[in-house]
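Everything below concerns the one structure shown next.
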Amino acid sequence: PPAAPPAAGARISTADAPCLDAAHALFAGGGFAGAEAAQIHRALLKTKRELYDPNVAKRIEAGEGFFSGADYVQLGLDRRAVIGEAAELLSQYDAVLLPTTPSVAPTIEEVSVSGDEYARWNLRMLRNPGLINMIDGCAVSLPCHSPGEEAPIGLMVAGVGGSDRRVLAVARAIEESLAARAE
């Protein structure tokens, strides 16, 4: 049966997960996204850069020259190893629970202070979803803020690649349990 919050009979445990630290390390130097975005947008940026948000254009252009071809291939091999380690560790659980983002989203004013501030917030907000993507996982985000709170936050229910049905079942059980507690 799918897991649910402890009040509904679920067991919650913690575990050391060095493979997740290794997955985060794969983002160094821009990870896959920097190089891939640069390649995909290269021609358009040359001819229609003015149509891009300046912060986004800057991040895409930074992807040029991140890696040699050999480094890119090595990144793929390293990712494959991390995916295997994560699958081995996480397959013993119904789901992994973590905040969708590490903090409440910033205001437009906060990210508009400078290009550096935009980049800092952008990387921060992508940290947890990016981790699940890097390990080829799947996830759903459940709103978990109280009604009427100013800024929403989410609880990410995640699993290894191919565990979509199980993750969705766990998320549904959590949603139902939380709804029942709210009544």
**OP:** Report the residue, chosen from 38, 28, 15, that carries the largest GNM mean-square fluctuation when the chain is represented by alpha-carbon nodes joined by springs under 10 Å.
**Re:** 15
Original post:
If you put +1 on each Lys and Arg Cβ and -1 on each Asp and Glu Cβ, how big is the dipole of the chain around its Cα centre, in Debye rounded to 20?
Top reply: 360
Original post:
Using a 1.4 angstrom probe and counting only protein chains, how large is the accessible area of residue 13 in Å², to 10?
Top reply: 70
**OP:** Over the chain, give the accessible area per residue in Å² for a 1.4 Å probe, as an integer.
**Re:** 63
Original post:
Which order do peptides 78-90, 132-144, 39-51 fall in by mean Cβ count within 10 Å, highest first?
Top reply: 132-144, 78-90, 39-51
Original post:
Which FRET efficiency value, to the nearest 0.05, do you get for residue 73 and residue 24 by plugging their Cβ-Cβ distance into 1/(1 + (r/R0)^6) with R0 = 35 Å?
Top reply: 0.95
Original post:
So what is the relative contact order of the chain, in percent, for Cα pairs below 8 Å that sit 6 or more residues apart?
Top reply: 25
Subject >> Top positive-direction residue, dipole computed over the chain with Cβ charges, set 20, 34, 104 >> reply: 34
**OP:** Could you tell me which of 141, 160, 174 has its Cα farthest along the dipole of region 133-176 towards the positive end, charges placed at Cβ (Lys, Arg +1; Asp, Glu -1), taken about the Cα centre?
**Re:** 160
**OP:** Can you tell me how much longer the chain between residue 14 and residue 91 gets when fully stretched, taken as 0.36 nm per residue apart minus their C-alpha distance, in nm with one decimal?
**Re:** 26.3 nm
Original post:
Pulled fully out, how much extra length does the chain show between residue 58 and residue 122, if you take 0.36 nm times their separation in residues and subtract their Cα-Cα distance?
Top reply: 21.8 nm
Original post:
At a 1.4 Å probe, what is the % contribution of carbon and sulfur to the accessible area of the chain?
Top reply: 56
Original post:
So what are the ³J(HN,Hα) numbers for region 129-139, from phi and the Karplus equation (6.51, -1.76, 1.60; θ = phi - 60°), rounded to whole Hz, Gly and Pro as x?
Top reply: x, x, 4, 5, 4, 5, 8, 6, x, 9, 7
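The values are calculated or read from the model by the stated rules, or taken from the named source; none is laboratory data. Values in this document were obtained by computation on a predicted structure and should not be read as measured data. Cβ: placed from backbone, ideal geometry, glycine included. Neighbour counts: every protein chain shown. Surface areas here come from the heavy atoms of the whole protein model, side chains and all, with no ligands, DNA or RNA. Shrake-Rupley method; radii C 1.70, N 1.55, O 1.52, S 1.80 Å.
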